[in-house]
Amino acid sequence: MPTALVTGASAGLGAAFTRRLALEHHDLILVARDAVRLNEQAEKLRAEHGTEVEVLPADLTVDEDCERVERRLADPDRPVHVLVNNAGVGLNSSFVEADIAEEEKLLRLNVRAVMRLTHAVLPQMLARRKGDVINVSSVSGFGPAQPGATYSATKAYVINFSESIAAGVKGYGVRVVALCPGYTRTEFHQRAGINIQPIPAKAWLNADDVVREGLHDLRRGKSVSVPSVRYKVVVAAMRHLPHGLVKRLTRDTRGRIKQAPKGGDGTRR
Ligand SMILES: NC(=O)c1ccc[n+]([C@@H]2O[C@H](COP(=O)([O-])OP(=O)(O)OC[C@H]3O[C@@H](n4cnc5c(N)ncnc54)[C@H](OP(=O)(O)O)[C@@H]3O)[C@@H](O)[C@H]2O)c1
């Protein structure tokens, strides 16, 4: 059976990936920080699908933990056939008001871990001339966003990185996709402390649908996947409308900007 390693496997989109891949007869390696939740998820998957499940608790913002996962991905005796770089966080503050340590942690998880884990897994995939890498990005990666400037920039990195890697490994039987969901019902917004009240019901996607469409697009050879027609339209607009208009439309998308810092003369900048 092929083996898939999923980061952020204990909740939301990551948990949906584990369910889908188990249904498709993959053995699984589950990565996240909370070992108790990972073990519960592993038990469920074993009971419901009869798959082999390995639990690998790790905080991917911590060097030693990330390296442990890298070593597992690079182990030639226990090949990993599918890597899902899904773990990611957002922050509920404008850049100027944010804690710089939190911004840096976000960068380490959303960018650095994605880059390092992809680098660890590709050599053995290329040697076998087979493998899939799914990097979870976001619709917000297609344009500027306020607040959450660092978040949308990390997701832009994931899109650009994935497209570049996909082109480089295409001739070697390895497929890479950036999966770019819009608002999806998971724990993401609650964890970031984002008020979801102003977000219309129609904007929400279901995690299982997002995962199904992402895997379908990967297997069709796409290097960027935007699940659902409504978000395909949003992304087309973000890509093709005049940039000035996009900036105005994406400004303070969730109404969370407080006030600009005061200048020395008491005026707001
Ligand atoms: N939900 C949305 O609307 C949406 C939209 C676009 C893109 N996305 C992207 O989708 C991905 C998955 O998010 P989600 O919505 O499923 O969020 P979620 O429900 O909050 O799940 C996040 C997962 O990441 C794990 N995680 C968090 N910090 C970690 C760390 N430092 N090291 C290892 N694992 C960590 C969490 O487990 P532990 O806390 O146990 O570590 C959890 O399993 C993210 O990359 C997010 O940016 C989400």
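The values are calculated or read from the model by the stated rules, or taken from the named source; none is laboratory data. Values in this document were obtained by computation on a predicted structure and should not be read as measured data. Glycine also receives a Cβ, built like all others from the backbone with ideal geometry; neighbour counts cover every protein chain displayed. Ligands, DNA and RNA are stripped out before the accessible areas are found, and what is left, the full protein with its side chains, is counted by its heavy atoms. Shrake-Rupley method; radii C 1.70, N 1.55, O 1.52, S 1.80 Å.
If residue 43 passes every condition in (1) in a strand (DSSP E or B); (2) among the acidic types (Asp, Glu); (3) free of Cβ contacts under 8 Å to residues at least 12 places away in the same chain but one, which one does it miss?
(1)
In segment 83-98, is there at least one residue being at pLDDT below 95, under 20 Å from residue 181 (Cβ atoms) and more than 9 Å from the ligand (Cβ to nearest atom)?
yes
Could you list, in sequence order, all residues of segment 115-136 that are among the hydrophobic types (A, V, I, L, M, F, W, C) and surrounded by 15 or more Cβ atoms within 10 Å (Cβ to Cβ)?
Here is the first cut: in segment 115-136, the residues among the hydrophobic types (A, V, I, L, M, F, W, C) are 115, 117, 120-122, 125-127, 133-134, 136.
Hits for segment 115-136 are 115, 117, 120, 121, 122, 125, 126, 133, 134, 136.
Pairs, please: C-beta under 9 Å, at least 6 apart or cross-chain, first residue more than 11 Å from the ligand (Cβ to nearest atom) and in segment 102-115, second at pLDDT 95 or above and of a type in the set (Lys, Arg)?
Taking only residues 6 or more apart or on different chains, not a single pair turns up.
Is it true that residue 33 is open to solvent by 20 Å² or more (accessible area, probe 1.4 Å), among the basic types (Lys, Arg) and near the ligand (Cβ under 8 Å from one of its atoms)?
Details: open to solvent by 20 Å² or more (accessible area, probe 1.4 Å): yes; among the basic types (Lys, Arg): yes; near the ligand (Cβ under 8 Å from one of its atoms): yes.
So residue 33 passes the test.
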